[in-house]
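Read-outs: derived from the displayed coordinates by stated rules, not from any lab. All of these numbers come straight from a predicted model, not from anything done at the bench. Positions of Cβ are generated from backbone atoms using ideal geometry, with glycine treated the same way; all protein chains shown enter the neighbour counts.
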Amino acid sequence: MVPGGSWAILTGAVLGAGLFVAVLAVVGPPEAPVGKPKRQGVSLEERSRRLVYGGIAGVVTLLATQWVVAGAAIGLLVAYWDRIAGSSSAEKRAIAKLEALATWTESLRDTIAGAIGLEQAIPATAVNAGAAIRPSLNLLADRLRVREPLPDALRAFAEDLDDPSADIVCASLLLNARLRGPGLRDVLTALASSAREELDMRRRIEASRKSIRRSVRIVLFIVLGMMGGLALLNRTYVEPFDSVAGQLVLLVVVAMLAAGLMWLRSLAAPTQADRFLVFDAHQAGARAEVEVRPA
């Protein structure tokens with residue numbers, strides 16, 4: 001039998017960790033530094049649903065195994081499955097944004113060929129833009145309709161997209177809006193070709209990363225299946241884990257498994273490139289400055 005005081009300590013530690021995770025899920029992680037692309041945020045409703053599912057899975061595991069560490073581990077695994085086992089949703093959104101950006105750049109190039117300016121070409125091309133960038137393009141068109149200067153509107157557009165590839169297009173449009181020089185059509189043609197090449201490369205890389213994510217899930221299912229089968233079908237074999245020392249050993253095992261899974265996940269995670277067209281939010285005044293950093 002395990003002393004009641006030891007169980008109280010373990011239960012208190014798990015509850016404290018759960019409270020910390022709940023607060024972090026509601027408040028969110030610290031903001032990324034300037035120049036780093038912001039990750040796609042998860043809505044409060046989605047976070048709450050994940051926490052509820054994780055709590056239910058943790059309680060069921062605790063009741064089935066009587067192991068506090070196992071209950072906490074399974075609860076966190078279910079709540080943060082996409083972060084632990086890996087998810088391709090963020091990269092899919094980035095690829096869709098890049099494809100929409102390349103298509104819009106080509107459309108903007110063809111529209112400018114009709115001898116109209118950027119102020120008229122941008123609203124005309126926003127209607128048929130891809131869904132990934134259409135809201136940002138509609139905001140850009142609205143800014144131009146209310147007579148906001150084109151450079152300022154393009155700066156806000158770059159911030160709305162928040163993508164390193166979009167910074168290249170926005171920087172080219174910014175330079176043309178200030179200098180009004182010739183050759184914009186050739187520049188847009190080169191940018192569209194470059195975006196298409198990057199799109200093909202990222203699709204090939206994403207296809208190769210799927211095998212790594214699959215390996216992570218296979219390893220995880222095998223380990224959990226073995227542990228769950230032993231805990232439910234051969235209780236005598238795992239009886240040492242019922243003690244406090246056994247729970248501490250199980251905690252070490254879970255920590256090592258989590259470290260290995262996070263390492264495998266990092267191999268499949270895309271590299272986040274730094275933006276070079278940075279919006280300086282700390283600039284005093286109503287109008288902020290834009291800092292262009294060398295690549």
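Using a Förster radius of 51 Å, what is the FRET efficiency between residue 189 and residue 224 based on their Cβ-Cβ separation? Nearest 0.05, please. So, using R0 = 51 Å, E works out to roughly 0.45.
What the phi angles of the stretch 163-175 give under the Karplus curve with 6.51, -1.76 and 1.60, with θ = phi - 60°, is a coupling list of 9, x, 5, 5, 4, 5, 5, 5, 5, 5, 5, 4, 4 Hz, glycine and proline written as x. Select from the stretch 103-210 those trypsin sites (Lys or Arg not before Pro) which occupy a DSSP coil region and have at most 10 other Cβ atoms within 10 Å, ordered by residue number. Of the trypsin sites (Lys or Arg not before Pro), the ones in loops of the stretch 103-210 whose Cβ has at most 10 other Cβ atoms within 10 Å are 147, 180.
Here the stretch 93-200 is described by how far its Cα atoms reach on the three principal axes: 36, 27, 22 Å, from widest to narrowest. Relative to one another, the C-alpha centroids of the stretch 61-105 and the stretch 227-248 are positioned 28 Å apart. Apply 1/(1 + (r/R0)^6) to the Cβ-Cβ distance of residue 64 and residue 253, taking R0 = 25 Å, and write down the FRET efficiency to the nearest 0.05. Taking R0 as 25 Å, the efficiency between residue 64 and residue 253 is 0.85.
The phi-based Karplus calculation (6.51 cos²θ - 1.76 cosθ + 1.60; θ = phi - 60°) puts the 3J(HN,Hα) values of the stretch 47-53 at 5, 5, 5, 5, 5, 5, 4 Hz, whole numbers, x for Gly and Pro. A simple packing score, the average count of other Cβ atoms within 10 Å per residue, orders the peptides 58-65, 73-80 as 73-80, 58-65, with the highest score first.
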